Amino acid sequence: MTHDIAVIPGDGIGKEVTPAAVEVLEALEIDFEFHEAEAGDAVQAETGEALPEETYDLAASADATLFGAAGDTAADVILPLREAVDSFVNVRPATAYPGVDAVRPETDLVFLRENTEGVYAGHEDRLSDDVSTLTRVVTESASRRLAEFACDFVTDRDADGFTVVHKANVMRETDGRFRDAVADVADEYGVETDEVLMDAFATRVCLDPDQFDVVVCPNLAGDVLSDLAAGLVGGLGLLPSANIGPERALFEPVHGTAPDIAGEGVANPAATILSAAMLVEYLGYDEEGAAIREAVETTLEDGPRTPDLGGDASTEDVTAAIVDRL
Ligand code: NAI
Ligand code: MG
């Protein structure tokens, strides 16, 4: 069976780390067909559009999409791309690796973030010279869909259950609905959950990340808290993510275009290669995904390493070492 993969490198180091991940995918014995398309600042400068229609259509029809990063146009690219795959959950692992300097080396968490609503639903208004407002949207259906995904996710992982992070003590209606819907679904699935208020979670995860495993949150909380966890594991260069929809999905590193190092050939490809591992697992190739992960982990520990991790290797050197270890 052939899998159609949309490849959208974007701008800056996206153009360096995305080909590296494709090289790793090509080393697997899986039948992929890659379709490359443009998005971001460069194509906007050329054509006036950050996300050309053919790129959107490609993501909306491919089995999976691998995206690098876009510069100033990031929001104009990534939000419609997530919509193209109808993504309702953003999966963001934050794992510390041996050999990488981390604030909390014991960190090993996965955030499952609601990806369509909350304060990012786009209902902002300027009412007067003095007052601006924002309408926060929480639906039963999106909360339940996220919870169903979370229940399947912890069952697949053999995890004990998950932690629900919210602020329902203040946002009683919206986060109250979110909390109750998630609890309801977990109950139906027989999955155990516990609850932590989002502000308390921020402190607790810094002091003792080991007490958490799978964390389920509304959109904004998931955005902020997963970046906070990124800080605990040694920065953005290592974090992959997946935007999952009912029929297709989009995989991307958490980092951006890194203009300070773009073009030098020294970007760390690990985050994008780990995103590629999530992509193959999403397509059902668990063994291959685990093999990529292991090759990345060995390379992080034994080298070669890019300058962000204290080494002097190039993106190409690191990619070649990972492909070798596969
Ligand atoms: P950034 O993630 O691009 O860079 C932050 C710092 O981390 C820089 O010092 C950079 O050199 C370093 N870094 C990031 N990824 C790295 C890697 N793979 N290897 C080595 N070092 C790495 O974030 P920043 O600087 O805030 O944003 C730069 C541009 O990227 C902006 O135009 C922003 O809009 C865009 N951006 C795009 C995203 C996306 O497309 N999903 C996400 C975040 C930012
Ligand atoms: Mg963010």
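The values are calculated or read from the model by the stated rules, or taken from the named source; none is laboratory data. Keep in mind that what you see is a predicted model, and the values were worked out from it rather than measured. In this analysis, Cβ positions are derived from the backbone assuming ideal geometry, glycine residues included, and neighbour counts consider all displayed protein chains. For accessibility, only protein heavy atoms count, side chains too; no ligands or nucleic acids. Shrake-Rupley method; radii C 1.70, N 1.55, O 1.52, S 1.80 Å.
Here are some notes:
- For peptides 318-326, 107-115, 258-266, 90-98, sequence by mean Cβ density within 10 Å, most packed first: 107-115, 90-98, 318-326, 258-266
- For the chain, adding -39500 (n - 2.57) for each run of n ≥ 4 DSSP H residues and dividing by the number of residues yields -13500 deg cm²/dmol at 222 nm.
- Taking every alpha-carbon pair under 8 Å whose residues sit at least 6 apart, the stretch 103-233 reaches a relative contact order of 40 percent.
- Relative contact order of the stretch 26-171, defined on C-alpha pairs under 8 angstrom at six or more residues apart (%): 13 percent
- Kirkwood hydrodynamic radius (C-alpha pairs) into Stokes-Einstein, the stretch 236-326, 25 °C and 0.890 mPa s, D in µm²/s: 182 µm²/s
- Dividing the alpha-carbon radius of gyration of the stretch 103-233 by the rule-of-thumb value 2.2 N^0.38 Å gives 1.10.
- Across the stretch 80-132, the convex hull enclosing all Cα atoms gives 161 Å³ per residue.
- In the chain, the portion of solvent-accessible area held by carbon and sulfur atoms comes to 45 percent [1.4 Å probe, whole percent, DNA, RNA and ligands not counted].
- Normalised contact order of the chain, rounded percent, pairs of Cα under 8 Å and 6 or more residues apart: 23 percent
- Cα-based Rg / Dmax (Å) for the chain: 19.5, 61
- Total formal charge among the other residues, if their Cβ is under 12 angstrom from that of Val254, Lys/Arg +1 and Asp/Glu -1: -1
- DSSP bridge orientation in the chain - percent antiparallel, rounded to nearest 5: 45 percent
- Ligands, DNA and RNA are left out, and with a 1.4 angstrom probe the accessible area of the stretch 103-233 is 51 Å² per residue.
- From the C-alpha gyration tensor of the stretch 9-149, square roots of 5λ in Å: 29, 24, 18
- Solvent accessible area, Å² - Lys167, 1.4 Å probe, full protein context: 40 Å²
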